[in-house]
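**Student:** The structure is given below, and queries will be raised subsequently.
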Amino acid sequence: METEKRDVYDAESGHKPVDGVDVAHDETLISDAKHAADAEQRMTLMKAIKLYPKAIAWSVLLSSTLIMEGYDLALLGSLYASPVFNKKFGTYSAANDKWVVSAAWQSGLSNGARAGEIFGLIFAGWVSDRYGYKMTTIASLVLMIMFVFVLFFAPNVQVLVVGEVLCGIPWGAFQSVTPAYASEVAPVVLRPYLTTFINMCWVIGQFFAAAVNKGSVGRSDDWAYKIPFGVQWVWPVPILAGLFFAPESPWWHIRHGDREAAKASLLRLTSRNDPNFNVDETIAMIEHTNELEKRMKDGLTYRDCFKGIDLRRTEIVVGIWLVQTLGGQNLMGYFAYFLTQAGMDASNSFSLSMGQYALGMVGTAGSWFLMSRVGRRTIHFSGICCQLLILIIVGSLSFSNSNGSIWAIGGMLIVFTFVYDFTVGPVTYSLISELSSTRLKAKTIVLARAGYNASNIFVNVMTNYQLSSTAWNWGAKTAYFWAGTCLLSAVWVFFRLPEPKGRTYAELDLLFEHKVPARMFAETKIDPFSHQLGDDLKKMSESEHNLEKDVK
C-alpha cells in the first residue's frame, strides 16, 4: 500500500495533523525512510553500480556538457600562443617584433566568458527549480549551438568578446545543473564518483583543446583558429539527442509534491534485477529529508541561502569554489602561454599541454580510488598544501634563464596539474553538492559558482597582466603571487571545511542544525530520526564550537 502524498511532516514532535490526517503518527513513513537510509549507507560500490547503472549513464551524459566549457576556456588561453590568432585579433608590438593580443583584450575575452556564466548561473538557478534540470540543460545546449557561430565568424576582437559572453550563458547553466543532478540521482556511495566525474569532463575538454591547437598551430591561414572554434559544434548535438530521453531527478519531483513522478523517475534510474530494492522506502527517505529541511526553513529563495543554518552552508560552498581560483590553478589554463612567455616555442608548449591534461585525467581517475578510502576534507587540505609547495618551487626556478629551468618549470606545472586533479579539483564537486541543502542546492551552487566566476575575473586580469610581455612581464615569478593566495586558502580550509564522507543528506542537515564545528563532523554521531547528537561526543562538539568562535 503506497504512502499518500503529504504537505507537512513533523518527525521530531510526532503530533502535527494536516488536513485531518495525523501525518506525524504515520510510523510507516519514518520506518521506511530509516530502513532506506540504513540500506544506502551499507551499500557497497559494486552493488550500487549494479543497482544504479542507468543513473550513472544519465549523470555521465549530463556532466559531459562541461567538456565544452573546459575546452573553450583552455582553448582561449592556448590561442594566445598561436601566431595566426595574434595577427588576426592582436596588434603589432615593435618592442617584441611580433603580433600580440594586449593584456586588456585578453582580460576582456577571458572575463567576457565569466560574465556570461554569471548570467547563465542566475538564469539556470531559477529555471531549473521551476522546469527541472533536464529542460534547463536542453535549452542551454540549443543556445550553445547558436552562439558558437559568433565565435567562428568573428571578424575582430570586439565581436569575439561578444561571442565569449554569449557562450558563457549556457556554460553557466551547465555549471549549476550538472553537480546538482549528479548528486541527486545516485546513493551515498556513488555520489563522489559521479560528482567528481565533472572534473574529468573539464580535463577531457582541456586535453582536446591542447590537441586541436597542436594540430592547427602550424597552419598559416584563418583555419588555425577557426578549426578550434568549430570543434565546439561536435558536443551539443549527440548530448541533446540523448537528453530527450533522460529522467528528471526524483528529488526535484518530491520538492514539487509529485510523489508518483518521483517514483517513476527512480525506477528509470535503477535496475529491475535487484529484488531487495524497495522503491517506496527510497522515496520515503527523500520525502523525510525534504520535510526535515522544510521544518528547518520555509523558503526556497536566494535570500534563504543567507538565513539561519544555510548561511554557514552557503559560506562553505562559496569558499570551496573560491579556493579553486585562489589556489593557483589558473596557471594550468595558461600553461602553453605561460611556457611561451618563459621562452619555449609554441609547438613544444602545446605538446607539454597535452601531457599535462592527460596526466590530469589520470589524476581524476586516481581521486576516485582515494575518496573511497580517505575523507574529502583530508584530500582537499593535503592537495592545497602540495599546490602551495609547487608554486614556491616554480617561482624559485624563474631566477634562472637556462633552457633546463624552462623545462623544469613545465615539469613542475604538469605535477601541479596532477596534484590538483588528484585532490582539490575533483573533490570540490563532491563537496559542493553534498554540503548544500537539497531544497536550496541549485541556488546555493548558483551563488557559489557566481562567486567563483566573479573571482575569476580578478584572477584573469591579474594573470594576463602578470604574464603579458606588453604589461608587467613577470614570467614564472607569477607563481609567487599565487603561492600567497594559496596559503590563505589553506588556512580557511583547515578551520571551515567539514567532512561529509558517508553521510546521508538528512545527517548533514542535522549536523549543521546542531552547529557542529567543521573539524568535528567526521567524529560526531547523529541520528536523523531522533535528531540527537551522540551523547559521547555532544559535549566535545560544543567545546570545539566555542573554541572556534574564540578563534574567529
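**Student:** Once all Cα-Cα distances of region 81-162 are split into 10 Å bins that start at 0, what whole-number percent is in each one?
**Tutor:** Cα pair-distance distribution for region 81-162, in percent: 16, 37, 25, 15, 6, 1.
**Student:** Answer with one residue from Pro53, Ala506, Val237: the one whose Cα lies farthest towards the positive end of the charge dipole of the chain, charges on Cβ with Lys, Arg +1 and Asp, Glu -1.
**Tutor:** Val237
**Student:** If one computes the Cα centroid of region 404-459 and of region 208-254, what distance in Å separates the two points?
**Tutor:** 21 Å
**Student:** Now a separate question. Rounding to the nearest 10 and keeping the result within 0 to 90°, find how far the Cα-based axis of helix 66-79 lies from the longest principal axis of the chain.
**Tutor:** Approximately 20 degrees, to the nearest 10.
**Student:** Need the full-extension length gain, Lys54 to Ile227, defined as separation in residues times 0.36 nm minus the C-alpha distance. One decimal, nm.
**Tutor:** Taking Lys54 through Ile227 to full extension adds about 58.8 nm, to one decimal.
**Student:** Rounded to the nearest 500, what is the 222 nm mean residue ellipticity of the chain from helices alone, with -39500 (n - 2.57) per DSSP H run of 4+ residues and division by all residues?
**Tutor:** Mean residue ellipticity, 222 nm, calculated: -23500 deg cm²/dmol.
**Student:** Taking the Cα atoms of region 315-464, what is the range of coordinates along each of the three principal axes, in descending order and whole Å?
**Tutor:** Largest to smallest, the principal-axis extents are 55, 35, 25 Å.
**Student:** About its Cα centre, how strong a charge dipole does region 83-227 have in debye, to the nearest 20, once Lys and Arg get +1 and Asp and Glu get -1 at the Cβ?
**Tutor:** Computed about the Cα centre, the dipole is about 180 debye.
**Student:** How long are the three semi-axes of the equivalent ellipsoid for region 125-199, computed from the Cα gyration tensor as the root of 5 times each eigenvalue, in whole Å, largest first?
**Tutor:** That gives 30, 14, 8 Å for the three semi-axes.
**Student:** If we count every other residue with Cβ under 14 angstrom of Trp171's Cβ, Lys/Arg +1 and Asp/Glu -1, where does the sum land?
**Tutor:** -2
**Student:** For Ile526, which sequence-distant residues (separation of 5 or more, or a different chain) have an amide H within less than 5 Å of its own amide H, given hydrogens modelled in the peptide plane?
**Tutor:** Gly534
**Student:** If amide hydrogens are placed 1.01 Å from N in the peptide plane, which non-local residues have theirs closer than 5 Å to the one on Ser93?
**Tutor:** Counting only residues 5 or more places away or on other chains, the set is Lys98, Trp99, Val100.
**Student:** Between Met296, Ser265, Gly327, whose Cα lies farthest towards the positive end of the dipole of the chain when Lys and Arg beta carbons carry +1 and Asp and Glu beta carbons carry -1, centred on the Cα centre?
**Tutor:** The residue sitting farthest along the positive end of the dipole is Gly327.
**Student:** For the chain, which semi-axes, largest first and in whole Å, follow from the square roots of 5 times the eigenvalues of its Cα gyration tensor?
**Tutor:** Each semi-axis is the square root of five times an eigenvalue, giving 44, 26, 19 Å.
**Student:** Quick one: Karplus J couplings for region 190-204, per residue in order, coefficients 6.51, -1.76, 1.60, θ = phi - 60°, nearest Hz, x for Gly and Pro?
**Tutor:** Karplus values, whole Hz, x for Gly and Pro: 8, 3, x, 6, 6, 6, 6, 4, 4, 5, 4, 4, 4, 5, 4.
**Student:** To test your reading of the geometry: what angle, between 0 and 90 degrees and rounded to tens, separates the Cα axis of helix 27-42 from the longest principal axis of the chain?
**Tutor:** Around 40 degrees separate the two axes.
**Student:** In addition: Which entries of Lys263/Lys501; Lys134/Lys263; Lys54/Lys263 have Cα-Cα distances beyond 19 Å here?
**Tutor:** With Cα atoms farther than 19 Å apart: Lys263/Lys501.
**Student:** For Thr91 and Lys515, what is the calculated FRET efficiency with R₀ set at 41 Å and r taken between the beta-carbons, to the nearest 0.05?
**Tutor:** It comes to 0.15.
**Student:** Report the extension gain between Ser271 and Leu61 in nm, rounded to one decimal, defined as 0.36 nm multiplied by the number of residues separating them, less their alpha carbon distance.
**Tutor:** Between Ser271 and Leu61, full extension yields 73.8 nm more.
**Student:** In addition: Could you go through region 456-467 in sequence order and give the Karplus-derived ³J(HN,Hα) for each residue, using 6.51 cos²θ - 1.76 cosθ + 1.60 with θ = phi - 60°, rounded to whole Hz, and x for Gly and Pro?
**Tutor:** Coupling constants for region 456-467: 5, 4, 4, 4, 5, 4, 4, 5, 4, 6, 5, 8 Hz.
**Student:** Taking the Cα centre of the chain as the origin, how large is its charge dipole in debye, to the nearest 20, when only Lys and Arg (+1) and Asp and Glu (-1) carry charge on their Cβ atoms?
**Tutor:** That gives a dipole near 1440 debye.
**Student:** Trypsin sites (Lys or Arg not before Pro) within region 224-279: which are DSSP loop residues with at most 16 other Cβ atoms inside 10 Å?
**Tutor:** Passing both the DSSP loop test and the Cβ count: Arg272.
**Student:** Give me Met462, Met68 ranked fewest to most by other Cβ atoms within 10 Å of their Cβ, as a rough exposure proxy.
**Tutor:** Sorted ascending by nearby Cβ count, the order is Met462, Met68.
**Student:** Have a look at Tyr420, Ser436, Trp474 and report the one farthest towards the positive end of the charge dipole of the chain, computed about the Cα centre with Cβ charges (Lys/Arg +1, Asp/Glu -1).
**Tutor:** Trp474
**Student:** Using alpha carbons only, how many degrees (0 to 90, rounded to 10) separate the axis of helix 103-131 from the longest principal axis of the chain?
**Tutor:** Rounded to the nearest ten degrees, it is 20.
Any read-out appearing in this document is the output of simple, stated calculations on the displayed coordinates, not a laboratory observation. It should be emphasised that the depicted structure is a prediction, and the values quoted were computed from it without experimental measurement. Heads up, the Cβs are rebuilt from the backbone with ideal geometry, glycines too, and the neighbour counts pull from every protein chain shown.
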